[in-house]
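Heads up, the thing below is written out as structure tokens.
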């Protein structure tokens, strides 16, 4: 489907990761400033996730009762607590976070699917940092834009 080299694919993934991180901070800041964070979240989901193709698999970081999500409403519930699908959804993005960044372990490509895995870090305005482990799966849309189709995130194993 694509004629990108692995180096080009990695650059595209880095770009999407930076855009994802920037939007997480932007949405939280909009919430703090009483701006329309719901609209910004909808735009974020539409731009980076491949909902127009159908179901997306999502395992949020801080979800215990409803561990797995597959549709836009469930993503919105987890990310910003809007139209909650479960009481545990308080709005992960609404912490809010002042910085988010990715540290990739590796990125691989299989025909139409790209997978990235590593850690990402979230820093609150109180300078508390959370390290989470992630795996994102991507595919190309009709415009050759890489979009997320799989998102797994969890806290590191604590040995207990």
Given (1) in contact with a helix residue (DSSP H, G or I) (Cβ under 6 Å, 6 or more places away or on another chain); (2) part of a loop (DSSP other than H, G, I, E, B), residue 34 misses just (1)
Subset of the stretch 48-76, residues part of a helix (DSSP H, G or I) and touching a residue at least 40 places away in the same chain (Cβ under 8 Å), comes to 48, 52, 53
Scanning the stretch 27-47 residue by residue, the ones that are surrounded by fewer than 20 Cβ atoms within 10 Å (Cβ to Cβ) and under 25 Å from residue 107 (Cβ atoms) total 3
Residue set 118, 137, 81; condition surrounded by 12 or more Cβ atoms within 10 Å (Cβ to Cβ) and either touching a helix residue (DSSP H, G or I) at 6+ places or on another chain (Cβ under 8 Å) or under 26 Å from residue 36 (Cα atoms) (or both); output residue 81
Expected single match for more than 17 Å from the chain's Cα centre (by Cα), under 20 Å from residue 44 (Cα atoms) and part of a loop (DSSP other than H, G, I, E, B) among 127, 83 is 83
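Residues of the stretch 130-145 being over 12 Å from the mean Cα position of the chain (by Cα) and closer than 17 Å to residue 58 by Cβ, which ones?
Here is the first cut: in the stretch 130-145, the residues over 12 Å from the mean Cα position of the chain (by Cα) are 130-131, 139-145.
Residue satisfying the conditions is 139 alone.
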Those residues of the stretch 1-31 which are modelled with pLDDT under 95 and either under 17 Å from residue 120 (Cβ atoms) or part of a loop (DSSP other than H, G, I, E, B) (or both) amount to 1, 2, 3, 4, 5
| task | Answer yes or no as to whether residue 79 is under 15 Å from residue 146 (Cβ atoms) and in contact (Cβ under 8 Å) with a residue 12 or more places away in the chain. | result | no
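The values are calculated or read from the model by the stated rules, or taken from the named source; none is laboratory data. Because the structure is predicted, anything quoted here is derived from the model rather than measured. Counting neighbours? That spans all protein chains shown, and the Cβs are built from the backbone with ideal geometry, glycine included.
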